[in-house]
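Q: Here's a structure for you.
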Amino acid sequence: MADDGDSTSVPKTDDNPLMMRLIVRMLSGKWQNVKNMTTLELHERMEAAKKDPTTEKVVVLDARPPEEYDVSHVVGAIRVAPDGSDAKQTIETLTANNPDKRPMVLVSYCSLGYRGLKYADAVTTEQQKAEDLPPISAYNLEGGLFKWANENRPMTDHKDRPTIYAHPYSAVWGKWLNSNLRRSTPEP
């Protein structure tokens, strides 16, 4: 168990990967129609899309508020409303910026998964209502930004500078982020 001196001890991911899988499963149970994508798969698909831009269009959506996004986000991520209220507008904008109608893979994330799953569900709901869209597959990033950061995957801050830090969200949930990676405010 990780213990930073307070009375609420939560095991860290690197101390207990089983606990992370249980949290992911628990969160996913609420949105059973939303698929998860692993951090490794997202990283590989992003790299493949860079090498061959004629394949699928990979779009990463950050479903966290500005104060979290500013500390760090997945490279190239677009910040969206955590409650999913802008899902229709996001789909319309992304579709307008996809004139060749390549298949789109939308991967939303938050700190651990709740808001990312909620956003992916909102995208799926809006997609079902719309007509004449290119194929869109909506996913949640399994383990969210905490898992991405814990695996030392590339992130940038509000000034597009590389960073290793991530906003810990809260004292309880932030324990899933390695302590040396936690930062509540952006670097100056």
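Values in this text are rule-based calculations from the coordinates and carry no lab data. The model shown is predicted, which means the values in this text are computed figures rather than measured ones. Cβ placement follows ideal geometry from the backbone for every residue including glycine, while neighbour counts extend to all protein chains displayed.
Q: I'd like the Karplus ³J(HN,Hα) series for the range 168-183: coefficients 6.51, -1.76, 1.60, θ = phi - 60°, whole numbers in Hz, and an x wherever there's a Gly or Pro.
A: x, 6, 8, 5, 6, 6, x, 5, 7, 9, 3, 4, 6, 9, 7, 8
Q: Now a separate question. Out of the DSSP beta bridges found with both residues in the chain, what percent are antiparallel (nearest 5)?
A: Numbers: 3 of 20 bridges.
Counting DSSP beta bridges with both partners in the chain, the antiparallel share is about 15 percent.
Q: So, in Å, what gap is there between the alpha-carbon centers of the range 82-113 and the range 31-66?
A: Taking the Cα centre of each part, the range 82-113 and the range 31-66 sit 11 Å apart.
Q: What are the residues whose amide H is under 5 Å from the amide H of MET104, where those residues sit 5 or more places off or on another chain and H is modelled from the backbone?
A: Amide H neighbours of MET104, under 5 Å, 5+ apart: LYS57, ILE136, SER137.
Q: Further question on the same structure: What's the ranking of 108-120, 171-183 by average number of surrounding C-beta atoms within 10 Å, highest first?
A: Details: 108-120: 27.5, 171-183: 17.4.
Descending packing order for the listed peptides: 108-120, 171-183.
Q: Mind listing the long-range amide H neighbours of ARG64? Cut-off is under 5 Å, sequence gap 5 or more, other chains count too, H placed in the peptide plane at 1.01 Å from N.
A: Correct list: VAL80.
Q: Peptides 64-73, 144-153: what's the order by average Cβ count within 10 Å, highest mean first? Working shown, then result.
A: Numbers: 64-73: 20.0, 144-153: 22.3.
Output ranking for 64-73, 144-153: 144-153, 64-73.
Q: How do ASP86, ASP160 line up, fewest other C-beta atoms within 10 Å first? Don't jump to the answer; show the numbers that get you there.
A: Working: ASP86 19, ASP160 10.
With the sparsest Cβ surroundings first, the list reads ASP160, ASP86.
Q: Kirkwood Rh over alpha-carbon pairs of the range 122-169, then Stokes-Einstein at 4 °C and 1.567 mPa s: what D in µm² s⁻¹, rounded to an integer?
A: Details: Rh = 13.4 Å.
D, rounded to a whole number, is 96 µm²/s.
Q: Return a whole-number percent for the relative contact order of the chain, with Cα pairs under 8 Å and 6 or more residues apart as the contact set. Display every interim value, and only then the final one.
A: On the way: 353 pairs, mean separation 50.3, N = 188.
Computed over the chain, the figure is 27 percent.
Q: With Rg and Dmax of the Cα atoms in Å defined as stated, name the option among [x] 16.4, 55; [y] 21.0, 80; [z] 15.9, 48 computed from the structure displayed.
A: The listed entry that was calculated here is [x].
Q: Cα-based Rg (one decimal) and Dmax (whole number) for the range 66-112, in Å?
A: Both quantities, over Cα of the range 66-112: 12.1, 35 Å.
Q: Here is a further query. In the structure shown, do any of LYS30/LYS51; LYS88/LYS175; LYS30/LYS175; LYS51/LYS129; LYS57/LYS159; LYS50/LYS129 have a Cα-Cα gap over 26 Å, and if so which? Display every interim value, and only then the final one.
A: Values: LYS30/LYS51 36 Å; LYS88/LYS175 33 Å; LYS30/LYS175 23 Å; LYS51/LYS129 33 Å; LYS57/LYS159 24 Å; LYS50/LYS129 31 Å.
Violating the 26 Å Cα-Cα cut-off are LYS30/LYS51; LYS88/LYS175; LYS51/LYS129; LYS50/LYS129.
Q: In degrees between 0 and 90, to the nearest 10, how far off the longest principal axis of the chain does helix 39-51 point, with axes built from Cα atoms?
A: It works out to around 40 degrees.
Q: Follow-up question, since we're still on this one. When the label point is put 7 Å from the Cα of LYS101 along its Cα-to-beta-carbon vector, which residues of the range 115-149 have a backbone N closer than 16 Å?
A: Answer for the range 115-149: 130-137.
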